[in-house]
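Notes to accompany the following structure.
The values are calculated or read from the model by the stated rules, or taken from the named source; none is laboratory data. Quantities reported herein were computed from a predicted structural model and do not represent experimental measurements. Cβ placement follows ideal geometry from the backbone for every residue including glycine, while neighbour counts extend to all protein chains displayed.
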Amino acid sequence: MGAPRELPPIGSYVEVIQGRDAGLVAVVLAHEGDRFVRIADGDVRRVEKPKKKNVAHVRRIHRMAEGIAQKLAEGGRVTNAELRHAVRMLLEAQTANGQEREQGGT
């Protein structure tokens with residue numbers, strides 16, 4: 001087997017690349033051992049029942065959901081609405097960046 005993959009930080013965005021949820025963008029809520037993360041997006045995967053995913057089956061998006069990361073670090077609870085909002089903001093930002101590049105922007 002290959003070298004163990006690094007766990008994405010709690011509060012970071014990930015995209016599921018394998019499994020039934022492939023293509024799902026979610027936020028890392030917790031680490032479990034040295035190979036698994038718990039993820040949720042507030043819609044398909046809810047805070048009450050986050051999905052346990054092997055880190056080899058997710059791709060880290062190099063952005064953080066700052067408000068959610070801060071709340072989790074302080075021991076607070078995150079709502080499904082906050083997760084949906086954070087994921088929507090990321091996807092809108094990515095869409096805007098893609099359109100900007102197509103139009104010849106930077």
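Quick notes
- Complete set of residues in segment 1-17 that are of a type in the set (Asp, Glu) and either touching an Asp or Glu at 6+ places or on another chain (Cβ under 6 Å) or modelled with pLDDT of 95 or more (or both): 15
Conditions tested, residue by residue: (1) modelled with pLDDT under 95; (2) surrounded by 12 or more Cβ atoms within 10 Å (Cβ to Cβ); (3) among the hydrophobic types (A, V, I, L, M, F, W, C).
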residue: 47; (1), (2), (3): no, yes, yes
residue: 51; (1), (2), (3): no, yes, no
residue: 55; (1), (2), (3): no, yes, yes
residue: 58; (1), (2), (3): no, yes, yes
residue: 68; (1), (2), (3): no, yes, yes
residue: 76; (1), (2), (3): yes, no, no
residue: 79; (1), (2), (3): no, yes, no
residue: 98; (1), (2), (3): yes, no, no
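- Some residue of segment 11-20 being crowded, with 19+ Cβ neighbours inside 10 Å and either farther than 24 Å from residue 79 by Cα or in contact with a Gly (Cβ under 8 Å, 6 or more places away or on another chain) (or both): yes
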